[in-house]
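Throughout, read-outs are computed from the coordinates displayed, never taken from laboratory work. All figures in this text were calculated on a predicted structure; none of them were measured in a lab. Reconstructed Cβ throughout: ideal geometry from the backbone, glycine too, with neighbour counts over all protein chains shown.
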Amino acid sequence: MLVPMSVIVQKYGGSSVADVQKLKAVAARVMQTRVQGHDVVVVVSAMGDTTDELLTLAKQVSPNPDRRELDMLLSAGERISMALLSMAIRELGGNAISFTGSQSGIITNDRHVDARIIEVRPFRIQDELSRGRIVVVAGYQGLVVIPSLRETAAPQALEPVVLRPVSRGEEPAVQVTRKGGVSILSMDVNSGEPGHKITFELAPPPGASKITGSAQVPPAGTQLLLVLANATLQQPGAWTLILRTTDGAEMGRYPFRIETK
């Protein structure tokens, strides 16, 4: 019988990766964990006093730096650490890949400097672990999801958004609302493991193009929201939202209508 490997997450602060020798020591510890048969995800801070040095540099340029630009600057510290650690692991024979917080699927609110995590979509991390890679992640950073409000947005530009609490009904139903230049589809999902990746397809009425994308099974008591540019969901008539697992097994079909104004 095959026994699945456990996933070990290791976190190293700035003092642990303060210089090259310490980085190499961390790489050796990571490799030791990998040799023991575990999948490994490593989260790293900026090296030593890098964050303080970047803050000092920013203050020299601007006494009151813009919060977004300050985030852009400070995130460079963790990027340096993740790339160097990945290189050090590779020197020891490990197959490592580094990801920023946004590449790791860490979604935050839009409060720069003191943001909070609102959702994690670790698909890329899971994919790389399945390929046998060690994943090195930059700490203290994420991605703000802001759906495009342009009517001309490309049909492929689909972005699942944050989940919100709802009271479940007996039958799943798709609700469509318009806000600015986007259409928001909301629905209950009564099957699948919460957090697991799924795919969706919007089967259109005649004259419109099929829309596809990916999402996550929402936690119990929450509703799945999908945001699309209005231009992708204009054709009036009967549509069907089809949910599938990543291996193609159908989870359900949920019809809805787009009415003419």
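Some observations on this one:
- Our note on the geometry: Cα centres of the range 189-259 and the range 128-144, 27 Å apart.
- Distance between the 7 Å Cα→Cβ label points at I80 and D19: 1.5 nm.
- Extension gain for R29 to R67 (0.36 nm times residue separation, less C-alpha to C-alpha distance): 10.1 nm.
- Net length gained if the chain between H112 and A203 were fully extended (0.36 nm per residue, minus Cα distance): 28.9 nm
- Subtracting the Cα-Cα distance of T246 and I184 from 0.36 nm times their residue separation leaves 20.0 nm of extension gain.
- Geometric extent, Cα atoms of the range 7-138 - Rg, Dmax (angstrom): 15.6, 50
- Nitroxide proxy distance, nm - points 7 Å out along Cα→Cβ at R257 and M87: 6.2 nm
- Here Q175 and F123 are evaluated by their C-beta separation; at R0 = 30 Å the FRET efficiency comes out at 0.70.
- Proximal charge balance of Q126 [Cβ under 12 Å; K/R count +1, D/E count -1]: +2
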